[in-house]
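The block underneath contains the structure these notes are about, expressed in structure tokens.
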Amino acid sequence: MKRFAELIKKLDSTNKTNVKVDALASYFKEAEDPDKVWTIAILSHRRPPRPVNTTLLRSWASELSNIPLWLFEESYHIVGDLAETIALVVPSSEQHTEKSLTQFLQEILALKKKEEPEKKEYLQDNLRELNYYERFVFTKLITGGFRIGVSQKLMTRALSKATQIDEDILAYKLMGNWDPNTISFHDLVIAERAQDYLSKPYPFYLAYAVENEVSELGNVQDWSVEHKWDGIRAQLIIRDGHLFVWSRGEELVTDKYPEFHQFIDQIPNGTVIDGEILPFPNGRIGSFNDLQTRIGRKTVSKALLTKTPVVLRAYDLLEWNGKDIRQQSYDQRREILETLYKEYTTNYSNTDNLTFQLSEKMYFDSWASVEKERAKSREKHSEGLMLKRKDSPYQVGRKKGDWWKWKVDPLTIDAVLTYAMRGHGRRSNLFTDYTFALWDQEQKELVTFAKAYSGLTDAEFRQVDAWIKKNTVERFGPVRSVTPELVFEIAFEGIALSKRHKSGIATRFPRILRWRQDKKIEEANSLEDLKAMIPSKE
Amino acid sequence: MKTPLLIFNENGIYCEAADVYIDPWRKVDKAIITHGHADHNRWGHKQYITHHDNVPIIKHRLGNISVSGIAYGESFMINNVKFSLHPAGHIIGSSQVRVEHQGEVWVFTGDYKIEDDGISTPFEPVQCHTFITECTFGLPAFRWVPQKEVFSDINSWWASNQSEGKTSVLFGYTLGKAQRLLKHLDTSIGKIYTHGAVENMTNVIRPMADLPETTLITAAVSKEELKGNIVVAPPSAHGSTWIRKMVPYETASASGWMTFRGARRRRAIDKGFVLSDHCDWQGLLDAVKATGAQKIISTHGYTDIFSRYLRELGYDARTERTQYEGELNELETKKESEVDG
């Protein structure tokens, strides 16, 4: 535990990726094998089930700290993290524990089945004996994930550095269901299996946003245009009768999308497709919110599969007949992709609802007509356009020149700040989570319409935070109502009627565009103004 | 009902009987100033009264003002009201203000800390009936460790950066924290360099405190020369072009707010040392108890929480709004970087 707590402390006290990787890599070289397995499990969201609910935990911690519960709760609101609050508030101990990480986790696993008094005794005894950082880590093990800026990817990179095993191979080995309590480090990480190499993806080619006038990109005839779909970028690999789905975060997500399993029989082996996973309820593209119900799940229920099925909209082909074709031109790769698609569709009379779809490629004879197409993005449920040079190879990572994204401008409205809440993590103790309101019909009352957490600079957040602290009207736990005085321009990507919102309107990805220090609240927009933005066909 | 001895009005803390303000935030005729930080010591009053160690500090900040210096414990009368200043231990020249009139005694703390920092005159509790206290860190989550331990951490951080060929850049606000850091840095490790704002203020304080030698970073100072040494700078220097000269460097901030993991990460600082010039939770409770006061007024910080807890302990406690900025810790990265702890 001592070594693990030291590791977490090191990871937590740097913002530099390389330092994190080095700290993890040396941990993976030095720690005991069972502890390594548990560390991998914890950093890949495989923590043990929570043995105690947080209400009990809070009440036991306040008792141990000898402060009233309300004071503990207030501290929690301000600190913004339960484990950190407990670590700070519980009286300090100079002791270190000699128990290993694995021993702690086994105890925590066993704790779940115990009676409440036993749980309480176990927790209080341990909290009393651990030092500050161990207490923080111990409570984190009980309450949930470590948000310390270590992704599964970063952890995998460090493990690769420590073991000299290829990163992508490791990512594959670590996927799926394995039990940290029973598997050995050797079986999980070291043992060689031929099939590990089957899943290896290609690095994604990523586009930059168009910076200047599109006409500066040269002759429109050199460019192929597609809509930019608002889903999850993914790479589909079919090799040797196996399917692998990688997300752009280079995370293996095959199990999350069982719809694609059928491709094993429909698409020839030795094929790698680049495309977008899109939600497709009722035979049409759904909203990103629909997709979000799928992203978080490790296993997907039948009901969810029926309610929110997904499709793959393909736009590029990276491997064909087992050969890497990334150096061929975009046009050539598309041609093979389209042939593949045609063969796939021969068995179907209606191709509209198929799980494998083609992202339509368009050619234009002027930039003006490209711009006209871009204006149709909202009705086509896209975020804008992708511009790809017809003769471009498939490059590695984010490169300028051949691929550009040209998003539609967001919708905007001026709204009044009415409530504020402290942020979490990096922003705990700062009021950074805001609620915004618009005027009702008579311009008498302000009606809440959206929450936004991003868009201001750190300096602006500090300024608004200071203003909020001086202009609080009422406090409701972590939330404060403030004097309606500040106006912000709020941008959002989409808008639809909604029964779940008080305002009757839901906005997609609202964020703060800028602080309108030039505007008074009387000049803010109304709900009517917002409603007028809803596309008429809805 | 009799007017309270001290009231909070739109200008500041006011003693009607004496017609004098303490730490006013608007221009007034006569002001008693607890210490030199910008939220307590504002420009434009006709007459300033403060501890004599604070006189050169506020003159340095405010220019040519009319100011009289007083010693700790020395009492002075204004319209039959008896005033005296007592050490607050916050920074050099910082005072609590004791006000006595017709047998009633009030004390206003300004900003204060209990621990002896080795540079300010240590805090002394003053018996009173009504105690007006700041509570910047009035939350049980704040618990300081003795400064000896903190400085041992700071010095080992410096030594470890040095062994990696890096320059250490340590942030602390210009008046108070910077000199406290200078005083306790281990000069056997290397040389101490300063940012201009820190150097200027330190020169003002040198006649009153024994401080180690510092070198101002000017254009003449080379990057090579800085390597392995330590630089003391105001937080506002973080992220400025000025700091590029220190590459490769490690940054650290010394402040009470470094208690929170988020505070350090938000500022993208490599290391945070928890070192404050205010009281921690227990310090505040001890200070309140030591005054023997029954009535407690909290002015800035987590006031509502602290007052509620005091009421549960049986005190007659309430909160008054002021414009002191203890809670507005984030201002420390703005131009005047001294509102922190």
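The values are calculated or read from the model by the stated rules, or taken from the named source; none is laboratory data. What you see is a predicted model; the values in this text were computed from it and never measured. Ideal geometry is used to build each Cβ from the backbone, glycine not excepted, and the neighbour counts take in all protein chains shown.
Only residues that are among the aromatic types (Phe, Trp, Tyr), more than 12 Å from chain A (Cβ to nearest Cβ) and closer than 17 Å to B:Leu181 by Cβ: list them for region B:231-275, please.
B:Tyr249
Against the condition part of a helix (DSSP H, G or I) and under 19 Å from B:Phe142 (Cα atoms), how does A:Glu107 come out, does it pass?
no
Please note which strands (runs of 3 or more DSSP E) are completely contained in region B:215-308 and include at least 1 residues that are in the same structural domain as B:Ser120 (by TED's automatic domain parsing), more than 25 Å from A:Asp81 (Cβ to Cβ) and in contact with a Ser or Thr (Cβ under 6 Å, 6 or more places away or on another chain).
B:295-301
Against the conditions (1) within 12 Å of chain A (Cβ to nearest Cβ); (2) in contact with a Gly (Cβ under 9 Å, 6 or more places away or on another chain), where does B:Gln282 fall short? Just the number, please.
Of (1) within 12 Å of chain A (Cβ to nearest Cβ); (2) in contact with a Gly (Cβ under 9 Å, 6 or more places away or on another chain), only one is false for B:Gln282: (2).
For region A:476-494, indicate whether the set of residues that are hydroxyl-bearing (Ser, Thr, Tyr) and either in contact with a helix residue (DSSP H, G or I) (Cβ under 9 Å, 6 or more places away or on another chain) or away from every other protein chain (no Cβ under 11 Å) (or both) is non-empty.
The answer is yes; a qualifying residue exists.
Which of the residues belonging to region A:48-70 are under 22 Å from B:Val145 (Cα atoms) and not in a loop (DSSP other than H, G, I, E, B)?
Answer for region A:48-70, where residues must be under 22 Å from B:Val145 (Cα atoms) and not in a loop (DSSP other than H, G, I, E, B): A:Ala61, A:Ser62, A:Leu64, A:Ser65.
From the list A:Ala452, A:Ala466, A:Ala506, exactly one residue is buried (at least 19 other Cβ atoms within 10 Å of the Cβ), away from chain B (no Cβ under 14 Å) and free of Cβ contacts under 8 Å to residues at least 12 places away in the same chain. Which is it?
Criteria check complete, one pass: A:Ala506.
Within region A:144-162, can one find any residue that is in a loop (DSSP other than H, G, I, E, B), among the small types (Gly, Ala, Ser) and without any contact (Cβ under 8 Å) to a residue 60 or more places away in the chain?
No: region A:144-162 contains no residue that is in a loop (DSSP other than H, G, I, E, B), among the small types (Gly, Ala, Ser) and without any contact (Cβ under 8 Å) to a residue 60 or more places away in the chain.
Of a type in the set (Asp, Glu), farther than 24 Å from A:Pro91 by Cβ and surrounded by fewer than 19 Cβ atoms within 10 Å (Cβ to Cβ), is that true of B:Glu213?
yes
Do any strands (runs of 3 or more DSSP E) lying entirely in region A:434-526 carry at least 1 residues that are in contact with an Asp or Glu (Cβ under 8 Å, 6 or more places away or on another chain) and closer than 30 Å to B:Gln323 by Cβ, and which ones are they?
Those strands (runs of 3 or more DSSP E) span A:446-452, A:472-476, A:479-482, A:487-492, A:511-515.
If you go through region A:71-123 one residue at a time, how many are among the polar types (S, T, N, Q) and within 10 Å of another protein chain (Cβ to nearest Cβ)?
3
Step by step: first the residues of region B:180-209, then only those that are within 22 Å of B:Asp153 (Cα to Cα) and out of contact with any strand residue (DSSP E or B) (no Cβ under 9 Å at 6 or more places or on another chain), then the one that is surrounded by the fewest Cβ atoms within 10 Å (Cβ to Cβ). Which residue is that?
Top of the filtered list is B:Ser188.
Are any of the residues in region A:360-374 crowded, with 20+ Cβ neighbours inside 10 Å, at pLDDT 95 or above, touching an Asp or Glu at 6+ places or on another chain (Cβ under 8 Å) and not assigned by the TED database to the domain that holds A:Gly494?
No, region A:360-374 contains no residue that is crowded, with 20+ Cβ neighbours inside 10 Å, at pLDDT 95 or above, touching an Asp or Glu at 6+ places or on another chain (Cβ under 8 Å) and not assigned by the TED database to the domain that holds A:Gly494.
Touching a residue at least 12 places away in the same chain (Cβ under 8 Å) and not assigned by the TED database to the domain that holds A:Thr345: which single residue out of A:Leu236, A:Leu188 fits that description?
A:Leu188
Does region A:386-435 hold any residues that are more than 25 Å from A:Arg511 (Cβ to Cβ), surrounded by 19 or more Cβ atoms within 10 Å (Cβ to Cβ) and in contact with a helix residue (DSSP H, G or I) (Cβ under 6 Å, 6 or more places away or on another chain), and which are they?
Selection gives A:Lys388, A:Ser392.
What is the residue count in region B:126-149 for residues that are away from every other protein chain (no Cβ under 14 Å) and either crowded, with 16+ Cβ neighbours inside 10 Å or under 22 Å from the mean Cα position of the chain (by Cα) (or both)?
Looking only at that region, the number is 10.
Tally up the residues in region A:37-58 that are touching a residue at least 12 places away in the same chain (Cβ under 8 Å) and farther than 30 Å from A:Leu188 by Cβ, please.
Residues meeting the conditions: 4.
Being within 13 Å of another protein chain (Cβ to nearest Cβ) and under 15 Å from A:Tyr133 (Cα atoms) is the filter here, so list the residues in region A:1-47 that pass it.
A:Ile8, A:Lys9, A:Lys10, A:Leu11, A:Asp12, A:Ser13, listed by residue number.
I need a count of the residues in region A:299-338 that are of a type in the set (Asp, Glu) and free of Cβ contacts under 8 Å to residues at least 60 places away in the same chain.
2
Could you count how many residues in region A:149-168 are within 19 Å of A:Leu7 (Cα to Cα) and surrounded by 18 or more Cβ atoms within 10 Å (Cβ to Cβ)?
Residues that pass the stated criteria total 9.
Can you give me the number of residues within region A:61-70 that are surrounded by fewer than 21 Cβ atoms within 10 Å (Cβ to Cβ) and either among the hydrophobic types (A, V, I, L, M, F, W, C) or more than 10 Å from chain B (Cβ to nearest Cβ) (or both)?
Count: 5.
Just one of (1) over 16 Å from the mean Cα position of the chain (by Cα); (2) in contact (Cβ under 8 Å) with a residue 60 or more places away in the chain; (3) part of a loop (DSSP other than H, G, I, E, B) trips up B:Ile189, so point out which.
It fails just one condition, (2).
Inside region A:129-154, can you point out the residues that are basic (Lys, Arg) and modelled with pLDDT under 90?
A:Arg147, A:Lys153, listed by residue number.
Got a sec? Which of A:Gln292, A:Gln327 is exposed (fewer than 15 other Cβ atoms within 10 Å of the Cβ) and either touching a Pro at 6+ places or on another chain (Cβ under 8 Å) or in a strand (DSSP E or B) (or both)?
A:Gln327
Just need a number here: residues in region B:87-111 that are touching a helix residue (DSSP H, G or I) at 6+ places or on another chain (Cβ under 9 Å) and within 21 Å of B:Ile7 (Cα to Cα).
Selection size over region B:87-111: 3.
Touching a residue at least 40 places away in the same chain (Cβ under 8 Å), aromatic (Phe, Trp, Tyr) and either within 14 Å of chain A (Cβ to nearest Cβ) or part of a strand (DSSP E or B) (or both): which single residue out of B:Phe76, B:Phe123, B:Phe83 fits that description?
Checking each option against the conditions leaves just B:Phe83.
If the Cβ limit is 6 Å and pairs must be 6+ apart or interchain, which residue in region B:146-164 that is more than 21 Å from B:Pro248 (Cβ to Cβ) and modelled with pLDDT of 95 or more pairs with which residue that is outside any helix (DSSP H, G or I) and not basic (Lys, Arg)?
Taking only residues 6 or more apart or on different chains, the pairs are B:Val150/B:Phe273; B:Val150/B:Leu275.
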